[in-house]
Amino acid sequence: MHNNNGIDMEGNWFAKDSSAHVNINHKNNIKKFEKESIKMTKKATKTIKTIASVIMAMALLFTMAAPVAFAGNQPTSGYGSPSDPIQAAVTKKLVMPANTETPAVTFTFDFAAKALNDDTSSTAKAKLPAMGPMSITFAATDVGTTADGIKTVILESTNILAGKNFSDVGLYKYTVTENQSAPVNTSTTQYQLSKAEYEFIVVVEQDDTNKNFYVSNVHCIKIINDEQISTPGEGKGSPTISGKRTEDEKLVSLWSEMVFMNKLVKNNGGTDPNADSTLAVSKAVTGTFGSQTEKFKIEVSVGRPKVDVNPATYYHAYILNSDNSKVTSNDYGLPMSSATGTEGMIQFTPDAAATTIYLQSGQRLSFIDMPVGATFTVKEDGVANYTSTAVLTIGGNEVTGLHVNNTAANTTLTIPTVTSPLTMIYTGEGKKTNIAAITNRYADVSDTGIIVDNLPYITMIAMVLIALAAYVAFKSYKGAKSNIN
């Protein structure tokens, strides 16, 4: 409905002539729509630019990160030249418990032709020059490094490619494994040989000048790991020999990355607790009134070495008298015969609660089968009137830093001493002395009730008091004489 002044109810002007009617509000809506459209277009354009920027940034980030993310899976190697071709090697890592002497032992590695480029036919494989076998020999002088109870010795073979001639360019592929026939395990020495398998790739190029073929690159890919577990797509690296590795390669390893790791555990024990002792805990009692028959309570705990092959369920020991005869009475420790079926034998569970035994003067606990590098702790309760000391010998050498000297009577003795951090003690080679020698000394008491051990101190104090009394008496005498005069 419209009024007479040409203004409708909503305040919009209109022409009374319907044919010439112009709705200004409609025009305003169109303009408003155009403005909103332009505004939305600008906003959409800005959003698209923002999304595009994010996508470009992510692409750039991915491009920068990709080499790092995939570096571990890419073969790395230096590059040889006609005058200085690449050299390659096998690395042997021998790990063993702390205090183990490196054995004189040789490990051998076999090479089998696999493919020329990707051709695995017998004709193609016949073109591969024969490789190996390669050997690495260890000696007692190879001391390696020891950390956290584990000794590691690393050696590298000579150049695998020395004297090898190639007849064409291409990728020469070999399968490399460790020979499993040697060394042979014995009752006292156990090896766990590596089951690893590598693909060894030799890249051969041709010299443009004299047309000779030379090794420009080498790669290795671990197909199966040391525990005989398949590792597809992993373990790619450089088998370049240590003396020819680039700085980048040295950041990964100083040695060829074609590594075979073996474990070694020595026992060196036997069946005779006297001749074949791998660890002993001995007892001596001194002092005029020290009892030679009193039984001292001792708690002994044992632990497996940090490197183990075919770990034992139990370690076994006997208590021996001073004449090396076996103690068979259960008064000295439980269980002795019932659990083991062998008279006098005591059974210890490694990495479990301590076993309680009792020793009197002249006796010792002797283990017959503890492997080298096994751990042990000893605790003796304090006994009234007795002091206690302990001298520790490992692998034939006294460990003076771990000696114990309790000068106060009735004090608990602990090996190793309960200090922070707790020192771990690893047994040494069984053919050398491994013993914790505990001595308890009785503080002697005279008929007067005075502890004889304290007499020197009492005498010194008495002498000081007598001297002081004499000095005072002398000064008093001089003073009295002066007053008389």
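Residues F260, F213: which one is of a type outside the set (V, I, T) and under 24 Å from A104 (Cα atoms)?
Matching residue, one of F260, F213: F260.
Does any residue of the range 155-165 turn out to be over 21 Å from F109 (Cα atoms) and either modelled with pLDDT of 95 or more or assigned to a loop (DSSP other than H, G, I, E, B) (or both)?
Within the range 155-165 (the criterion being over 21 Å from F109 (Cα atoms) and either modelled with pLDDT of 95 or more or assigned to a loop (DSSP other than H, G, I, E, B) (or both)), the answer is no, since none of the residues qualifies.
Counting only residues that are hydroxyl-bearing (S, T, Y) and either modelled with pLDDT under 95 or not in a strand (DSSP E or B) (or both), which one in the range 97-145 is farthest from P371 (Cα to Cα)?
T123
Go through N262, N217 for me and flag whichever is within 30 Å of K431 (Cβ to Cβ), in the same structural domain as V184 (by TED's automatic domain parsing) and in a strand (DSSP E or B).
When all the criteria are applied, what remains is N262.
So Y214 fits all but one of (1) of a type in the set (F, W, Y); (2) touching a residue at least 60 places away in the same chain (Cβ under 8 Å); (3) within 20 Å of A112 (Cα to Cα); what number is the exception?
For Y214, the failing item is (3).
Can you tell me which residue is farthest from the chain's Cα centre (by Cα) among those in the range 265-291 that are under 30 Å from K195 (Cβ atoms) and assigned to a loop (DSSP other than H, G, I, E, B)?
Filtering the range 265-291 for residues that are under 30 Å from K195 (Cβ atoms) and assigned to a loop (DSSP other than H, G, I, E, B), the one farthest from the chain's Cα centre (by Cα) comes out as G269.
So which residues in the range 166-182 are of a type in the set (A, V, I, L, M, F, W, C) and part of a loop (DSSP other than H, G, I, E, B), if there are any at all?
F166, V169, A182
Can you work out which of the residues in the range 365-398 that are at pLDDT below 90 and surrounded by fewer than 16 Cβ atoms within 10 Å (Cβ to Cβ) is nearest to N268 (Cα to Cα)?
Only one residue fits best here, namely G396.
I'd like the residue in the range 220-248 that is under 24 Å from the mean Cα position of the chain (by Cα) and assigned to a loop (DSSP other than H, G, I, E, B) and, out of all such residues, is modelled with the lowest pLDDT.
Out of the qualifying residues, it is E234.
For the range 107-118, name all the residues that are among the charged types (D, E, K, R) and either surrounded by 13 or more Cβ atoms within 10 Å (Cβ to Cβ) or more than 15 Å from T175 (Cβ to Cβ) (or both).
Across the range 107-118, the qualifying residues are D110, K114.
Quick check on the range 181-204: of everything there that is aliphatic (A, V, I, L, M) and crowded, with 18+ Cβ neighbours inside 10 Å, which residue is farthest from V95 (Cα to Cα)?
My answer is V204.
Would you please name the residue that is surrounded by the most Cβ atoms within 10 Å (Cβ to Cβ), looking only at residues in the range 399-418 that are of a type in the set (V, I, T) and within 33 Å of the chain's Cα centre (by Cα)?
I415
Quick check, is K266 at pLDDT below 95, crowded, with 22+ Cβ neighbours inside 10 Å and of a type in the set (D, E, K, R)?
In short, yes.
The values are calculated or read from the model by the stated rules, or taken from the named source; none is laboratory data. A quick note: this is a predicted structure, and the numbers were derived from the prediction, not measured. Using ideal geometry, Cβ is built from the backbone for each residue, glycine included, and neighbour counts are taken over all protein chains shown.
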